[in-house]
Each structure stands twice: as structure tokens, then as C-alpha cells.
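Below is one structure; the comments refer to it alone.
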Amino acid sequence: MLNYRPLVFFWIAEYENGTALPQFNPNTGEENKFSLVDLPRVKRFGWYPFTHELSAKILKKTSTVTISTDNPSYVVNLRKGDKLIAKRENTIKFNMKGGVINRKTVYVLGKVGGKVLEIHEDGELK
């Protein structure tokens, strides 16, 4: 049993100059850490569903379990000075006997002072 929820979305940061930094390299499956994102230069940031091919590369390269889905992508456009809100929130509920009764992950996307989306693993906004 995994001690974490499998990932169903990954992020891509797109820059003003037309380049992009994906959380996972689409050719190798290697992971780029969020700390590598040059936030002041980001013009678009989004959560994207995994393809079968990318999921297989990631599992082979990093042993990280991901789930490919037909979920939609969610993207926020940023202007100079906007502050990005992008995170993955994990919730675990336990029962009194010590067992896990519920685990869920919500992907959050928006900008400070603007609309903030809460995207559930099934791709629905709630």
C-alpha cells in the first residue's frame, strides 16, 4: 500500500519568453522541483492530467505512482506582479481505532486577489 495519494495532475510553468518548465520531463520522466520555477517570469501556470506514456516514464524513473485520466487541464494566466497560488493539499482522516478512513488530494490554482480553484482528483471543481 502506498503511503501517499497517487498524483493525478502535474504542473507546467510557462514563461514570458516562450519556454516552459514541467514538473516532470516528458522525455525522461525526471522530476523538476517547484523551487526551480522562476515565479516572477511565469506568464501561465497550470495543472495537467498525466498521459499513459508519461505515467510509465515517471514510474520507471522515480518510482512515483501517477494515474492517467481524461481530466481537463486548468490554467491561470498571470500578469507582471501577480502572485501565483498553486499547491497540492492532502487530507487524511483517521478513525478512533487508528485506521485511515479517508484520503484525498485537492489541487489548488489561482492568484492572490483573484479566483482560486479547488480541483479534485476526479477533475471536478468543488
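Just the residues that are exposed (fewer than 14 other Cβ atoms within 10 Å of the Cβ) and either in contact with a strand residue (DSSP E or B) (Cβ under 6 Å, 6 or more places away or on another chain) or within 23 Å of residue 106 (Cα to Cα) (or both), please, taken from region 8-19.
Hit for region 8-19 is 16, nothing else.
Go through region 69-126 and give me each residue that's of a type in the set (Asp, Glu) and either modelled with pLDDT under 95 or closer than 25 Å to residue 33 by Cα (or both).
70, 82, 89, 118, 121, 122
Please go through region 46-78 and pick out each residue that is loosely packed, with under 13 Cβ neighbours inside 10 Å, in contact with a Ser or Thr (Cβ under 9 Å, 6 or more places away or on another chain) and farther than 15 Å from residue 28 by Cα.
none
May I ask you to list pairs of residues, at least six apart or on different chains, whose Cβ atoms are under 9 Å apart, with the first in region 97-126 being over 15 Å from residue 7 (Cα atoms) and the second being at pLDDT below 95 and hydroxyl-bearing (Ser, Thr, Tyr)?
As it stands, the answer is 102/91, since those pairs meet every condition given.
In region 83-104, is there at least one residue being buried (at least 18 other Cβ atoms within 10 Å of the Cβ) and not hydrophobic (A, V, I, L, M, F, W, C)?
No.
Residues 5, 41: which one is surrounded by 14 or more Cβ atoms within 10 Å (Cβ to Cβ), touching a strand residue (DSSP E or B) at 6+ places or on another chain (Cβ under 9 Å), closer than 25 Å to residue 126 by Cβ and not small (Gly, Ala, Ser)?
Answer to the selection: 5.
Farther than 22 Å from residue 91 by Cα and not acidic (Asp, Glu): does that describe residue 8? Break it down stepwise before answering.
Numbers: farther than 22 Å from residue 91 by Cα: no; not acidic (Asp, Glu): yes.
So residue 8 fails the test.
Does any residue in region 60-76 that is under 18 Å from residue 87 (Cα atoms) come within less than 8 Å, Cβ to Cβ, of a residue that is crowded, with 16+ Cβ neighbours inside 10 Å and among the basic types (Lys, Arg) six or more places away or on a different chain, and which pairs are these?
Listed pairs, sorted by first residue: 76/111.
Only one residue in 31, 16 is under 17 Å from residue 2 (Cβ atoms) and in contact with a helix residue (DSSP H, G or I) (Cβ under 9 Å, 6 or more places away or on another chain), so which one is that? Reasoning before the result, please.
Values: 16 fails: under 17 Å from residue 2 (Cβ atoms).
The match here is 31.
The values are calculated or read from the model by the stated rules, or taken from the named source; none is laboratory data. All figures in this text were calculated on a predicted structure; none of them were measured in a lab. Every residue, glycine as well, gets a Cβ built from its backbone with ideal geometry; the counts of neighbours run over all protein chains shown.
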